[in-house]
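Contents: one structure, followed by commentary.
Values in this text are rule-based calculations from the coordinates and carry no lab data. Since this is a predicted model, take the numbers as computed values, not measurements. As a convention, Cβ positions derive from the backbone with ideal geometry for all residues, glycine included, and neighbour counts pool all protein chains shown.
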Ligand SMILES: O=C(O)CCC(=O)C(=O)O
């Protein structure tokens, strides 16, 4: 089943957090949407997130934020391909190829070498820091978490997902399966594609209205990712969320989701990042995370130079 878009966002409001007047306006279907003008999302969208356990906000991520992620992913691609060239797997770095195709062309020519499928440590850089702390993303997090005291959770990933590649096919799981001791802390995931994603090239599927339910048992999937048992998977009804760059899919830590296989001939590029309320933030999230916004304690918001010290002991090539 494919998802209908939730038109929950207007970018202009996002920068307008000073305004305090409430408002209401009809949307294209005649339904009245209500706004508190110091919010990035309208109240219906926030309610929808809490009721259904996911929200697709269309055209919510500004181009400058996406560009920060893209720069980091391009740099990662340069480094990954340079390694293959250095190992003698590839004669040249294929710099003329497009962002959408370069990695897949290089990977095939290099003999399909293994690479870090969900890079995190290797994309840590100033651009990623600025992306994670981007005011528009923090605005959305503030609305969905219900507090202006917002932290970036240190679990974030890029997903260079190639065609015909079982080991990057993320199976049905709940994010909280990765941090079971923090399963009841509201950790908001935001998943953003850098290319258009459809059922053909590995869009995500979500199973709705399960965010307040049980935490499923961990099952070691054939991909090596944590997944759900065959029996638990059979209980889920997947909703395909097809998206364009600029859209953001938001869901909390117990919403089951998976990625469909990439059947295109191009890379499915995406990034997934997480936010939580600073008060009561998870230990795992704080380890490489940081305070992104704090009206109460503005000095707790770190600089890039301060944040980078949290990564110094983590070797390249690992998470
Ligand atoms: O992008 C993917 O393939 C999986 C993303 C995911 O599972 C997540 O963001 O939690």
Helix 43-52 axis, angle to the chain major axis (alpha carbon atoms, nearest 10°): 60
Alpha carbon centroid spacing (whole Å) that separates region 156-179 from region 269-290: 18
Folded to 0 to 90 degrees: helix 135-145 orientation relative to the chain principal axis, Cα: 60
Estimated D of the chain in µm² per second, where Rh is the Kirkwood radius over Cα pairs and Stokes-Einstein applies at 37 °C, 0.692 mPa s: 162
Computed label-point distance, nm, for sites residue 305 and residue 96 using a 7 Å Cα→Cβ extension: 4.3
Global geometry of region 174-310, whether rounded, prolate or oblate, following the gyration tensor of its Cα atoms and the 1.5 cut on a/c: oblate
Among 74, 253, 306: highest mean-square fluctuation, GNM of the chain, C-alpha pairs under 10 Å: 306
Residues 92, 244, sorted so that the one with the fewest Cβ neighbours within 10 Å comes first: 92, 244
C-alpha long axis of helix 63-86 to longest principal axis of the chain, angle in °: 20
